[in-house]
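Visitor: So that we are looking at the same thing, I have put the structure below in C-alpha cells.
Nothing in this text is a laboratory measurement; each read-out follows from the coordinates by a stated rule. Worth saying up front: this structure is predicted, and the values here are computed from it rather than measured. Methodologically, a virtual Cβ is constructed for each residue, glycine included, from the backbone with ideal geometry; neighbour enumeration extends over all protein chains shown.
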Amino acid sequence: MTRNAETIACADHEADPALAETFSERMVEVLNSGALALMLSVGHRTGLLDAMADMPPATSAGIAEKAGLDERYVREWLGAMTVGGIVDHDPVTEDYYLPPEHAASLCRKSPTDNIAVFAQYIPLLGSVEDDIVHCFRHGGGVPYERFDRFHDVMAEDSGQSVVPALETHILPLVPGLTERLEQGIDVLDVGCGRGRALNRLARLFPRSRFTGYDISEDAIRYAAQEARAISNDNVTFKVFDAGNLERNGNPGAYELITTFDAVHDQKDPLTVLRGIRKSLADEGVYLAQDIKGSSHHHSDRDHPIGPLLYTISCMHCMTVSLAQDGEGLGAMWGREKAVEYFKAAGFRNIDVHELDHDFQNYWYVCRP
Ligand SMILES: C[S@@+](CC[C@H](N)C(=O)[O-])C[C@H]1O[C@@H](n2cnc3c(N)ncnc32)[C@H](O)[C@@H]1O
C-alpha cells in the first residue's frame, strides 16, 4: 500500500508502523531481485543458463563440466539460483535442475524474449555508478565510451525484440510497405547501432538499397562485418552524426527512414528529426520505435517495467545526451512529447501503434 495524492497532501510526517513494516519487507525483496538480476546476467554471459536448459538434473561438477567453467564458482551461482527459486535442487543427490518453464524465459533458444538478456542492463549500468554519482553532484553526463558493453547488450536486445518481429508485426504497420520494399526503395536507418535490424531487412529485400548511420565507429565496424559475413551487398554502413543530417544529408533521398530506439538519447533530438524529415521523399514514411512511456511519472506507475526503464534512462539515455551538452530527454520522454517533437520537425500525419507482444515500445508511423 502507498500514499495517494490526498494522503500526501495531509501527511503529518508520522510513520504508520504497518505501512513502514510492509514497505521494509518490499525493500528486502528489491535487494534480492537486484542480486538475482546480476546473477542471471552472469548465467547468460557464461552460458550456464543455456547449458542447464538442455540438461537433466546434474551436480555442480556435471554442470560446470558441460559449461566449461570453474566448479567452485558454478556451485556458488547455483546457490543463488536455488534460493532465488530459479533452479530446483535435490538435497539428497545434490542435483540441480532448471525446469523447462523457467528455461523458457532465460535461454538463447527461448521462444519468447530471453529475460536474461535484459538482466545484463543491471551490471552494465552499475559499471558507471561512480560516474553517475559524480554527475548527480556536479552535473554533466557520462559519455557512450564509458559503457564498455553497451553495443553488445543493445544488439542482443534488438536481436530478440525487433528483428524477429520485422516481417510479421513491424513492417505491416505501414500498409503497402512490404510490397514497396520488394520492388526496391531507398532506406535509411538512423542510429543503427550494430545493424541487426538493417542487415535483416537487406537480406529480406534484395532489390532495395539500405544505409545505416551511427556515430559509433565500433558499432559501424561490427555492422559492416556482419553484412559481409552474410553477403549483403545492398547495405552500406557509415559513421555519421545524425545531428548533421539537416545540413549535410541527402534531401528527399529515402522512401523509408527508420529509428529503432535512437531519438531520445540524441544530443539534439529535434535537429535530428528535422534532418530525417528533410531526407525523406515526399511520399516517404518515417517509422520510429521508441520507449513506451507517458511523459508523466504518475501515469507510468502501472508500466510493467517502469522502474527498469527509468533507471536505464537516468543511467544511460539521459546521461549520454547530457555528456554532449545535449538536451537529456531520457528514454521516458513519453508519447505526448514524442508526438510534439515529430510535429515540430514537420511531420503532419502521425499514427501511434502498440504491438501485442511488445510492452516496451510505441511504434510511430510519421508522414510529411
Ligand atoms: C539505444 S541505441 C539503439 C541502436 C540500434 N538502433 C538498436 O536498436 O540496436 C542508440 C544508438 O544511437 C547512436 N547515436 C547516438 N547519437 C548519435 C548521433 N548523433 N548520430 C548517429 N548515431 C547516434 C548510438 O551510437 C547508438 O548506437
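Visitor: State, as an integer percentage, the relative contact order of the chain based on alpha-carbon contacts under 8 Å between residues 6 or more apart. Don't skip to the answer; put the middle values down first.
Guide: Working: 610 pairs, mean separation 43.6, N = 368.
This gives 12 percent for the chain.
Visitor: Share of Cα-Cα pairs in the chain beyond 36 Å, in percent? List each step's numbers first, then the result.
Guide: Values: 20732 of 67528 pairs.
Counting pairs separated by more than 36 Å, the tail of P(r) holds 31 percent.
Visitor: Hey, could you get me the Stokes-Einstein D for the range 5-108, Kirkwood radius over alpha-carbon pairs, 10 °C and 1.306 mPa s, rounded to whole µm² s⁻¹?
Guide: Details: Rh = 15.7 Å.
Using the Kirkwood radius from Cα pairs, D works out to 101 µm²/s.
Visitor: When each pair of different Cα atoms in the range 56-126 is counted once in the 1/r mean, what is the Kirkwood radius in angstroms, to one decimal? Before the final figure, lay out each step's value.
Guide: Details: mean 1/r = 0.0763 Å⁻¹.
One decimal place: 13.1 Å for the Kirkwood radius.
Visitor: On a 0 to 90 degree scale, rounded to 10, what angle separates helix 334-344 from the longest Cα axis of the chain?
Guide: 10 degrees
Visitor: Restricting the count to DSSP beta bridges whose residues both fall in the chain, what percent are antiparallel, rounded to a multiple of 5? Walk me through the intermediate numbers first.
Guide: Details: 16 of 35 bridges.
Within the chain, antiparallel bridges account for around 45 percent of the total.
Visitor: Once you put a point 7 Å from the Cα of Arg108 and another 7 Å from the Cα of Gln183, both along the Cβ direction, what distance in nm separates them?
Guide: Inter-label distance under the simple model: 4.1 nm.
Visitor: Moving on. Given points 7 Å out from each Cα along the Cα-Cβ axis, report the Leu355 to Thr168 separation in nanometres with one decimal.
Guide: Once both label points are built, they end up 1.0 nm from each other.
Visitor: So between Arg301 and Asp241, what do we pick up on full extension, going 0.36 nm a residue minus the alpha carbon distance? Walk me through the numbers on the way to the answer.
Guide: Values: separation 60, 0.36 × 60 = 21.60 nm, distance 3.49 nm.
Extra length available between Arg301 and Asp241 comes to 18.1 nm.
Visitor: For the range 256-318, just list the percent of Cα-Cα distances falling in each 5 Å bin from zero outward, please.
Guide: 4, 15, 21, 21, 15, 12, 8, 4
Visitor: Calculate the spin-label point distance for Glu21 paired with Asp130, positioning each point 7 Å from the Cα along the beta-carbon direction, and give it in nanometres.
Guide: 4.2 nm
Visitor: Hey, another quick one. What ³J(HN,Hα) values, in whole Hz, does the Karplus curve 6.51 cos²θ - 1.76 cosθ + 1.60 give for the range 236-243 when θ = phi - 60°, with x put for Gly and Pro?
Guide: These are the phi-based 3J(HN,Hα) values: 10, 10, 9, 6, 8, 7, 4, x Hz.
Visitor: Using Cα atoms only, what is the angle between the long axis of helix 129-138 and the major principal axis of the chain, expressed in degrees (0 to 90) to the nearest 10?
Guide: Orientation of helix 129-138: about 60 degrees from the principal axis.
Visitor: Looking at the range 59-159, which GluC sites (Glu not before Pro) are in a loop (DSSP not H, G, I, E or B) and have at most 16 other Cβ atoms within 10 Å? Walk me through the numbers before you get to the answer.
Guide: On the way: sites: Glu65, Glu71, Glu76, Glu94, Glu101, Glu129, Glu145, Glu156; in loops: Glu94.
Sparse-neighbourhood loop GluC sites (Glu not before Pro): Glu94.
Visitor: Can I ask one more? For Gly328, which sequence-distant residues (separation of 5 or more, or a different chain) have an amide H within less than 5 Å of its own amide H, given hydrogens modelled in the peptide plane?
Guide: Under 5 Å from the amide H of Gly328: Leu322.
Visitor: Here's another thing I want to ask about it. Calculate for the chain the 222 nm mean residue ellipticity that helices alone would give, adding -39,500 (n - 2.57) per DSSP H run of length 4 or more and normalising by residue count, nearest 500 deg cm²/dmol. Show your work: numbers first, answer last.
Guide: Numbers: 18 runs with 165 residues, N = 368.
Taken over the chain, the calculation gives -12500 deg cm²/dmol.
Visitor: Please list, in order, the residues from the range 152-167 whose amide nitrogen is less than 20 Å from a point placed 7 Å along the Cα→Cβ vector of Tyr73.
Guide: Zone members listed by number: 152-153.
Visitor: Treating the angle as unsigned and between 0 and 90°, give the value, to the nearest 10°, between the Cα long axis of helix 150-161 and the longest Cα principal axis of the chain.
Guide: Tilt relative to the chain: about 80 degrees.
Visitor: Among the DSSP beta bridges whose two residues both lie in the range 238-368, what percent are antiparallel, rounded to the nearest 5?
Guide: On the way: 12 of 18 bridges.
Antiparallel: roughly 65 percent of the beta bridges in the range 238-368.
Visitor: Still on this model: From the backbone phi of the range 348-358, what are the Karplus-calculated ³J(HN,Hα) couplings (6.51 cos²θ - 1.76 cosθ + 1.60, θ = phi - 60°) in whole Hz, Gly and Pro given as x?
Guide: Result, ordered by residue: 9, 10, 10, 10, 10, 10, 10, 10, 3, 7, 10 Hz.
Visitor: Scattering from the C-alpha atoms of the range 115-254 alone, worked out with Debye: what is log10 I(q)/I(0) at q = 0.13, 0.16 1/Å?
Guide: -0.67, -0.93
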